[in-house]
Amino acid sequence: TAIVGFSGLLRKADDLNPRHARQVKLISDASENLLSVVNDVLDFSRLEAGAVELDAEPFDPVVMAHSTVALLEGQATSKGLTLSVTSEGFDGALLGDCARLRQVLTNLVSNAVKFTATGGVEVRVRQSMLGDQRKLRVSVQDSGIGVPADQIAGIFGRFTQADASVSRQFGGTGLGLAISKRIITAMGGEVGVESEPGRGSTFWFEAVLPPATE
């Protein structure tokens, strides 16, 4: 954290020559990447140990989806990708841990943008009635590289990516999907993926949540 902070201050200095500015940028980028890795490992460890408590609060799933997409829109635009949100079924606020659900959705959308070169990414939000509860299903569909059938079963495992070449080309820790699965599992929900190499993927999660009362 200290390296991230001080390198950030250095990058704002106006007396750096181009060579030093580039070196400071490399330090800043590498330290932020390392901090992300450390945070993922700590988060996964807490989830695996059952040390994370869910904080239920009223939230609107569609608003959550739009705010998540807005954060990642710059990444998609820089690659020439479209990024959209659609909703169907019932609407309205639910009672659940919005911050954790947003964390899962951010991971899925970020991965979709990362592994998609052309086309776009669509986030679909659907609510349906299940007794006096609501079944929330959020899916992220992309037109990216897809996942081979023999690798789908283990893709939500820790430190797992499709293969070594994917890790070298796109980077990442292989913990994001494992963390996402444990968050949704802690909510009593499910995660899954449907994919075909070269034709994109659809990652989804479902959870049964109560409607928020006024």
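The values are calculated or read from the model by the stated rules, or taken from the named source; none is laboratory data. Predicted, not measured: the structure shown is a model, and the values here were computed from it. Counting neighbours? That spans all protein chains shown, and the Cβs are built from the backbone with ideal geometry, glycine included. Remember, those area values only see protein heavy atoms, side chains included, never the ligands or the DNA or RNA. Shrake-Rupley method; radii C 1.70, N 1.55, O 1.52, S 1.80 Å.
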Inset, instruction - Quick one: in the range 84-107, of everything that is part of a strand (DSSP E or B) and among the hydrophobic types (A, V, I, L, M, F, W, C), which residue is farthest from G189 (Cα to Cα)? - result: V85
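When the range 40-77 is examined, which residues are found to be in a helix (DSSP H, G or I) and open to solvent by 80 Å² or more (accessible area, probe 1.4 Å)?
Going through the range 40-77, the residues in a helix (DSSP H, G or I) turn out to be 40-48, 61-77.
Selection gives L42, R46, E48, V63, H66, L71, E73, Q75, T77.
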Legend entry - Hits in the range 136-160 (condition: in contact with a Leu (Cβ under 8 Å, 6 or more places away or on another chain) and closer than 21 Å to D60 by Cβ): L136, V138, V140
Legend entry - Answer residue from the range 111-156, given it is farther than 19 Å from S195 by Cα and among the small types (G, A, S) and is nearest to the chain's Cα centre (by Cα) among those: S128
